[in-house]
Amino acid sequence: MVVFVGAGPGAVDLITVRGQAFLKEADIVIYAGSLVNPELLKLCGPDCEIYNSAYMTLEEVIQVMEEGARKGKHVVRLHTGDPSLYGAIKEQTDILEEKGISYEICPGVSSFCGAAAALQAEYTLPGISQSVVITRMAGRTSVPEKESIQSLASHQATMVIFLSAGLLKELQQALIEGGYPEDTPAAIVYKATWEDEKVCRCKVCELYDTARKEQITKTALIIVGDILKGAYRRSELYNPSFSTAYRKAHVPYEKQTVKKERKEQESHG
Ligand code: SAH
């Protein structure tokens, strides 16, 4: 059996309890060495074989998985964050299926969640944005034309941009061309949840200069949108004037709709 495990964004205690159990039981671990925190490998037993996939091709990864699985070993493929985002797992699971090797997937905390926590932000604020666009700049991997940054930017929804810290000049230009005003709040979160995490807040038009000043070229997420500004409408879910399946409204609606600036925000969740 092969298990794809989401390692979480970096901090060792942000792997799931289930993922931790899989690591403890593993006979073989193949981890994405460029981003997975190697401290996590301390959870593995002393006899566990460990491979760093940064030095391996897809074929080599599959060979290790296949040999292990055929011998009845527990194989863990450890991916950063959650495996469903830019994890290149489909090309692995398709081959495993062809070979009749069973597998399962254990989710993880994606770095975009780690970045929200670092920013103490909520990506979906009533009256500001109710959508989160997760995307990337085209690099060696292309992005379909209909998903260009410009076209996604036209919605001015919250945007989280992966794999693009080295392309900020182009990204900033595309975001502005697409429709975000130059002074839209933005942030660069470097190594979210790691000990050397850095959070840099700026405006869209300052993304390139900010990264250059902070010498950030990789392992960062770019977050863009007015949710970083802070003005918003309070939720309907916790509004005393709204009935839900669990409680009845007891206050007239209008009185309860308020706007707050960032410094006055309260957390409610
Ligand atoms: N599956 C991963 C993403 C892998 S793609 C996830 O769910 O997070 C690799 C990209 O993710 C990096 O280039 C960077 O943009 C982002 N990334 C991964 N870990 C990060 C972290 N701790 N902080 C900021 N960005 C991170």
HN-Hα couplings for the range 94-101 via Karplus (6.51, -1.76, 1.60; θ = phi - 60°), in whole Hz with x for Gly/Pro, come out as 4, 5, 4, 4, 4, 8, x, 9
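Take every Cα pair under 8 Å in the chain that's 6+ residues apart, average their separations, divide by the length, and report that relative contact order as a whole percent.
Normalised by residue count, the contact order of the chain is 17 percent.
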Stokes-Einstein diffusion coefficient of the chain, Kirkwood radius over Cα pairs, 25 °C, 0.890 mPa s, in µm²/s: 119
Of 57, 135, 193, which has the largest mean-square fluctuation in a 10 Å C-alpha GNM of the chain? 57
Quote the convex hull volume per residue of the range 1-142, based on C-alpha atoms, as a whole number of Å³. 131
Phi angles of the range 213-226, converted by Karplus (6.51 cos²θ - 1.76 cosθ + 1.60, θ = phi - 60°) into ³J(HN,Hα) in whole Hz with x for Gly and Pro, give 4, 8, 6, 9, 10, 7, 6, 9, 10, 10, 10, 9, x, 5
Helix 58-70: inclination vs the chain longest Cα principal axis, degrees, rounded to 10, gives 60
As I understand it, the dipole of the range 111-228 uses +1 on the Cβ of Lys and Arg and -1 on the Cβ of Asp and Glu, about the Cα centre. Which of 149, 139, 124 lies farthest toward its positive end? 139
Which whole-Hz ³J(HN,Hα) couplings does the range 127-139 yield from phi under the Karplus relation 6.51 cos²θ - 1.76 cosθ + 1.60, θ = phi - 60°, glycine and proline marked x? x, 10, 7, 10, 9, 10, 9, 9, 8, 8, 6, 5, x
Given H placed 1.01 Å from N in the peptide plane, which residues other than close sequence neighbours of residue 110 have an amide H under 5 Å from its amide H? 82
Take the alpha carbon atoms of the range 175-209, find their center, do the same for the range 137-174, and report the distance between the two centers in whole angstrom. 13
Spelling it out for residue 77: with amide H atoms placed in the peptide plane at 1.01 Å from N, the residues 5 or more places away or on another chain with amide H under 5 Å from its amide H are 3, 4, 5, 30
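Over the alpha-carbon set of the range 111-228, divide Rg by the Kirkwood Rh and report the Rg/Rh ratio to two decimals.
Using Cα coordinates only, the ratio equals 0.93.
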Kirkwood calc, the range 69-141, C-alpha pairs only, radius in angstrom 15.3
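What does the extension gain come out to for residue 97 and residue 169, with contour length at 0.36 nm per residue minus their alpha carbon separation?
Gain on extension, residue 97 to residue 169, equals 21.8 nm.
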Report the longest stretch of the chain that contains none of the GluC sites (Glu not before Pro) sitting in a DSSP loop with at most 10 other Cβ atoms within 10 Å. 1-194
Pairwise Lys count, the range 2-106 - Cα closer than 18 Å, eight or more residues apart or different chains: 5
Pull up all non-local amide H partners of residue 184: gap of 5 or more, or a different chain, and H-to-H distance under 5 Å with H placed in the peptide plane. 204, 205
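Every number in this text was worked out from the coordinates using simple rules, so none of it is lab data. If you're wondering where the values come from, they're calculated on a predicted model, not measured in any experiment. Counting neighbours? That spans all protein chains shown, and the Cβs are built from the backbone with ideal geometry, glycine included.
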